[in-house]
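The values are calculated or read from the model by the stated rules, or taken from the named source; none is laboratory data. Predicted model, so just to flag it, every value in this text is computed and none were measured. No Cβ is skipped: glycine too gets one built from the backbone with ideal geometry, and neighbour counts run over all protein chains shown. The accessibility values were calculated without ligands, DNA or RNA, using every heavy atom of the protein model including side chains. Shrake-Rupley method; radii C 1.70, N 1.55, O 1.52, S 1.80 Å.
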Amino acid sequence: MSDPQTPTSGAGAATSEAPVEATAAANATSAQAAGGGRSFLPKSTLLRHLVIVLICAVGAVVLLEITDPFTNSQLAQLSYYAIAAGGLTVLTGLNGQISLGHGALMAVGAYTTALFLQADEPLPLPLILLVSVVTATAVGALVGVAAARLHGPYLAGATLALAVGLPGLALYFQGTLGGDQGLRVRAPRAPESFESFIDTVSGNSATGTKWLAYVGAICLIITYFLLANLVRSRIGRTWRAVRDQEVAAELAGINLGAWRVLAFVVSAAAAGLAGGVLALVVRLAAPSGFTLVLSLSLLTAIVLGGLGSLLGALLGSALLVFLPPFVTDLGADMGLDNTEAAQLAPFVYGIVLIVAMIFAPAGFVGTVRMRWLTARAKRAAASRASARE
């Protein structure tokens, strides 16, 4: 049986429906993107992504070395938002499942990391983060199996219950999870090899903030590399088939429930890693950090950036991190007091969201990509018409 393919007419036929338009634009294949011009990247998907990873790694080092400690902390914050948003955009944009419970899955990863770091001789940090991913994946599998037959608002309601109820377990198991105060996280010190690397690259001091920013950047790059290859694989094509044509996919022999559970598991794994990084950066795992607002913020980020697009998830996460402090500083410069300036940030963010939904219903990345593909198609049609004359 051949792999199911995404219908090529989906983007053009659904211009009246913003969610469909967003996912169709964001999921344009790499062949479509590269077909109209010369590309200097390898044709192999794996090699192309490895080259992009190398470029991103170099860019991350340069960015972290030329910025101040406060910006380093913001970039560390961006890393865990972007990791969670990347997993969520695979679930919602690629497979069509709406989840409002990813904040709870991040809490699982954060508390797992905090508990393991409390040991007198903790395990190596990569192993602790891996355990956090496995734990969140197991919880995600349970939720995914329970919600495999739910769709649309019913699935959103089920995951909403998860987001509201799961962080409350910290109050029930106060002795282990710390109750309202949560667990203090003892972030491990940077290894000597990292200090030598920083001294060789820039000569700057290898502070704890910079070390955690590098940890977040490494986790982000690895996560996006794995997700990007997954999206371009047979698994990604099957998820698109389940999202776009359920009946046709089922007639083709695809087990809809199993593939939906798999999408939820992959997304939960990303959320667990994001939670572990969050615990390291914030140095605290507490119920107040994993409220429903966190889950809604992640969903907003992928909608703004473009459903189904990893680049869109990154851009939407950047808005979550950098827009509020920028607006707050702007309000302070305008003469507002601290409280008024802080209240201005969510107001401006809401305006940005409304404007984006009106003028860029496919998200920033999806809208730009659709307009570029449309313009290229018009040029190709004009060139064929002139050739026939």
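The numbered conditions (1) small (Gly, Ala, Ser); (2) at pLDDT 85 or above; (3) loosely packed, with under 13 Cβ neighbours inside 10 Å are all true for Gly168 except (2). Of the residues making up segment 145-161, those that are modelled with pLDDT of 85 or more and buried (at least 19 other Cβ atoms within 10 Å of the Cβ) are Thr159, Leu160. Considering segment 175-203, and only residues there that are of a type in the set (Gly, Ala, Ser) and closer than 18 Å to Gln118 by Cα, the residue that is surrounded by the fewest Cβ atoms within 10 Å (Cβ to Cβ) turns out to be Gly175.
In contact (Cβ under 8 Å) with a residue 60 or more places away in the chain, closer than 23 Å to Ala170 by Cβ, out of contact with any strand residue (DSSP E or B) (no Cβ under 6 Å at 6 or more places or on another chain) and exposed (fewer than 15 other Cβ atoms within 10 Å of the Cβ), is that true of Gln77?
When the stated conditions are applied, Gln77 does not pass them.
Number of residues in segment 176-214 that are at pLDDT below 85 and either hydrophobic (A, V, I, L, M, F, W, C) or closer than 21 Å to Ala136 by Cα (or both) equals 1. You will find that of Ala206, Ala241, Ala228, the residue that is surrounded by 13 or more Cβ atoms within 10 Å (Cβ to Cβ), in contact with a helix residue (DSSP H, G or I) (Cβ under 8 Å, 6 or more places away or on another chain), within 22 Å of Leu280 (Cα to Cα) and not hydroxyl-bearing (Ser, Thr, Tyr) is Ala206 and no other.
Scan segment 322-331 and tell me whether some residue there is without any contact (Cβ under 8 Å) to a residue 24 or more places away in the chain, open to solvent by less than 70 Å² (accessible area, probe 1.4 Å) and not in a helix (DSSP H, G or I).
no
Is it true that Ala345 is modelled with pLDDT under 85 and in contact with a Pro (Cβ under 8 Å, 6 or more places away or on another chain)? Spelling it out, Ala345 is indeed modelled with pLDDT under 85 and in contact with a Pro (Cβ under 8 Å, 6 or more places away or on another chain). Taking segment 297-321 as the range and being in contact with a Gly (Cβ under 6 Å, 6 or more places away or on another chain) and either open to solvent by 60 Å² or more (accessible area, probe 1.4 Å) or of a type in the set (Asp, Glu) (or both) as the test, only Leu315 passes.
Can you find a residue in segment 278-291 that is open to solvent by 40 Å² or more (accessible area, probe 1.4 Å), modelled with pLDDT of 90 or more and not in a helix (DSSP H, G or I)? Yes: one or more hits. A single entry from Leu262, Leu294 fulfils the requirement of being open to solvent by 20 Å² or more (accessible area, probe 1.4 Å) and part of a helix (DSSP H, G or I): Leu262. What is the residue count in segment 178-217 for residues that are of a type in the set (A, V, I, L, M), in contact (Cβ under 8 Å) with a residue 60 or more places away in the chain and assigned to a loop (DSSP other than H, G, I, E, B)? Summing the residues that are of a type in the set (A, V, I, L, M), in contact (Cβ under 8 Å) with a residue 60 or more places away in the chain and assigned to a loop (DSSP other than H, G, I, E, B) in segment 178-217 gives 2. Residues in segment 246-259 that are part of a loop (DSSP other than H, G, I, E, B) and touching a helix residue (DSSP H, G or I) at 6+ places or on another chain (Cβ under 9 Å) were compared, and the one that is least open to solvent (accessible area, probe 1.4 Å) is Ile254.
Out of segment 87-144, which residues are free of Cβ contacts under 8 Å to residues at least 60 places away in the same chain and β-branched (Val, Ile, Thr)? Residue satisfying the conditions is Val131 alone.
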